[in-house]
């Protein structure tokens, strides 16, 4: 049943749902769609509605009004035009543009009680309700005047006859909205606030964001090309002839955006009022970055670019074609936070300014994203890997918090080795295996067998350099990185015991911090030989350099903490370590530096760590070795991997030494407190 005062048409209410054409939307700037009133355009030639001889004028007027409102709601512009008196007025185009420019997604028109004046003209009041995409509701009341004249024609054309008694709508611009006339137009305005910055660990902007405003032309909104060209020439340095030549091109897309000038934001604001209401002019923002940013950090900050169809599907409904958004890294992950929400408004304007605000939505201020990166440490990490010919990654973590202070992946290509690379950890995983043994009762002086080879299934496992001293202490086996000893230790711990130890070091923990990052994986071994190889960081065990730094950091701080690059990231709870286990592992990792595989690496005094040489399949039937080091000194835990680099003690550990040396100098130069 219809609601009171609302008519049913063909079994439904006069409400049309539609997909509207929305305009250019700009980041940090204003994009305007203008409604242009057109005169003298050819209209339809359909006949009006006749009450027939002796019919009721009020009934005939209501019938025409109903038909007109039905056509409006259904976006049947040809039918709407046919129901108007003056075919020289292109009512259909005015309605169509209002619909497209305002983004009317739903429209309801409810007629009221008609009246008939002394001239026989029928006045049918109606209430209109528009639902504007992303803006909300607009309601107003207007009136349709329906009369029975000879159809009027455009100048030079013959009169359009109507059947005897024919009625039609005496259309004028105020039908569309009471405040509309030939010199006014609809506009939708959307303005983003300036984008918030990404901050370093000290709370300072990593870069200073500048903003350029691009001034362009949208062909379908141009009504007076000469006026537009003169306005652009007066406000910018573009010549009128250049604008006219642009508009004369036959390859222009009607809804396209064609750049004609670019100004800094401050300069644009000075001429903004001169161009704001010129039909066909549109604006877009172009964010620029200024500052001495370490090149290796750029991948984590991300990029800005024009929104794509794919991103429109991923982002919330505030975005539209032409917006500039974060397309990668932190800019993408925190797009809504960094951009805020735009202030939006639907208006009726004229050359003198705003006539009426139909609906307004307040915007929301953006908020910065504070990262954990220390720019000086980031540069130190870059210098530490300089000259390394193979692909390399270095990650430094504040082991007391899990905050990533530096992350370098070289070469600086699309693959993020540092935070997302997955490698077999090799002997650096012996930190985990040693923890499992210590928690099962092993002591530093416990005797373990270190033969040159250990049979695992159909293959012999051997030690690097062919060593095989026989029975040695547990701490010595760790310092010299005896594979055969630790494979047997892992087998003795059993799969569940080793997996439980790995979990206490964050393996298998799902954590994320704003950028694409991966931790460590320890699939449960399915056989004794697989367990033996997993115990030395081979088989299916994988880890990122970032996660390996967190493993070393767990020993340094006494608890495993999820590494993260955003200060306010929501993280899993720390996993505390047994303090006796921690003390023993600390001594073992110092022995690696003072008398083990990292003795010649040049690590600074007080450093502790574990080297690793991780075997991998090169894909050509040959085996290679990734070089690893994971350790700490002072407040920083660090992990280094060099792809196919060879031995961890001779290749990866010296890189870590260079970084830790410079980090110590930087920390010594910082003021206390």
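The values are calculated or read from the model by the stated rules, or taken from the named source; none is laboratory data. Everything numeric here is computed off the predicted structure, so don't read it as measured data. Positions of Cβ are backbone-derived with ideal geometry, glycine not excepted, and every protein chain shown enters the neighbour counts.
Just checking, does the range 353-372 include any residue being in a helix (DSSP H, G or I) and not assigned by TED's automatic domain parsing to the domain that holds residue 97? Steps first, answer last, please.
If we filter the range 353-372 for residues that are in a helix (DSSP H, G or I), which is where we start, we get none.
Within the range 353-372, none of the residues are in a helix (DSSP H, G or I) and not assigned by TED's automatic domain parsing to the domain that holds residue 97.
Yes/no per residue for (1) without any contact (Cβ under 8 Å) to a residue 60 or more places away in the chain; (2) not in a helix (DSSP H, G or I):
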site: 562; (1), (2): no, yes
site: 594; (1), (2): yes, no
site: 604; (1), (2): no, yes
site: 630; (1), (2): no, yes
site: 640; (1), (2): no, yes
site: 666; (1), (2): no, no
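What are the residue pairs meeting all of these: first residue in the range 302-316, first residue in contact (Cβ under 8 Å) with a residue 24 or more places away in the chain, second residue part of a strand (DSSP E or B), Cβ atoms under 8 Å, and 6 or more apart or on different chains?
From the range 302-316, the pairs are 302/326; 303/326; 304/287; 304/324; 304/325; 304/326.
Could you check, for the range 506-515, whether at least one of its residues is touching a helix residue (DSSP H, G or I) at 6+ places or on another chain (Cβ under 6 Å), surrounded by fewer than 24 Cβ atoms within 10 Å (Cβ to Cβ) and within 20 Å of residue 457 (Cβ to Cβ)?
No: the range 506-515 contains no residue that is touching a helix residue (DSSP H, G or I) at 6+ places or on another chain (Cβ under 6 Å), surrounded by fewer than 24 Cβ atoms within 10 Å (Cβ to Cβ) and within 20 Å of residue 457 (Cβ to Cβ).
Residue 434 passes all but one of (1) outside any helix (DSSP H, G or I); (2) out of contact with any strand residue (DSSP E or B) (no Cβ under 8 Å at 6 or more places or on another chain); (3) buried (at least 22 other Cβ atoms within 10 Å of the Cβ); which number fails?
Unmet condition: (1).
Going through 621, 602 one at a time, which residue ends up being in the same structural domain as residue 384 (by TED's automatic domain parsing), at pLDDT below 95 and farther than 20 Å from residue 553 by Cβ?
621
Conditions (1) more than 24 Å from residue 347 (Cβ to Cβ); (2) surrounded by 15 or more Cβ atoms within 10 Å (Cβ to Cβ); (3) assigned by TED's automatic domain parsing to the domain that holds residue 302; (4) at pLDDT 90 or above, marked per residue:
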site	(1), (2), (3), (4)
224	no, no, yes, no
228	no, yes, yes, yes
248	yes, no, yes, yes
261	yes, yes, yes, yes
270	no, no, yes, yes
273	no, no, yes, no
281	no, yes, yes, no
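So which residues in the range 518-547 are in contact with a helix residue (DSSP H, G or I) (Cβ under 6 Å, 6 or more places away or on another chain) and outside any loop (DSSP other than H, G, I, E, B), if there are any at all?
520, 528, 531, 532, 545, 546
In the range 333-346, is there at least one residue being under 18 Å from residue 279 (Cα atoms) and in contact (Cβ under 8 Å) with a residue 40 or more places away in the chain?
Filtering the range 333-346 down to residues under 18 Å from residue 279 (Cα atoms) leaves 345-346.
Checking the rest, the ones that are also in contact (Cβ under 8 Å) with a residue 40 or more places away in the chain come to 345-346.
Yes.
Got at least one residue in the range 303-312 being buried (at least 21 other Cβ atoms within 10 Å of the Cβ) and either in a helix (DSSP H, G or I) or in the same structural domain as residue 224 (by TED's automatic domain parsing) (or both)? Reasoning before the result, please.
The initial filter retains those residues of the range 303-312 that are buried (at least 21 other Cβ atoms within 10 Å of the Cβ), namely 304, 307.
Add one more test, that the residue is either in a helix (DSSP H, G or I) or in the same structural domain as residue 224 (by TED's automatic domain parsing) (or both), and what stays is 304, 307.
Yes, the range 303-312 contains a residue that is buried (at least 21 other Cβ atoms within 10 Å of the Cβ) and either in a helix (DSSP H, G or I) or in the same structural domain as residue 224 (by TED's automatic domain parsing) (or both).
Scan (1) more than 30 Å from residue 294 (Cα to Cα); (2) free of Cβ contacts under 8 Å to residues at least 40 places away in the same chain for the single condition residue 275 breaks and write down its number.
If we test residue 275 against (1) more than 30 Å from residue 294 (Cα to Cα); (2) free of Cβ contacts under 8 Å to residues at least 40 places away in the same chain, just (2) comes out false.
Suppose the filter is in a strand (DSSP E or B), assigned by TED's automatic domain parsing to the domain that holds residue 648 and modelled with pLDDT of 95 or more; does residue 379 pass it? Lay out the reasoning, then the answer.
Working: in a strand (DSSP E or B): no; assigned by TED's automatic domain parsing to the domain that holds residue 648: yes; modelled with pLDDT of 95 or more: yes.
Criteria not met by residue 379.
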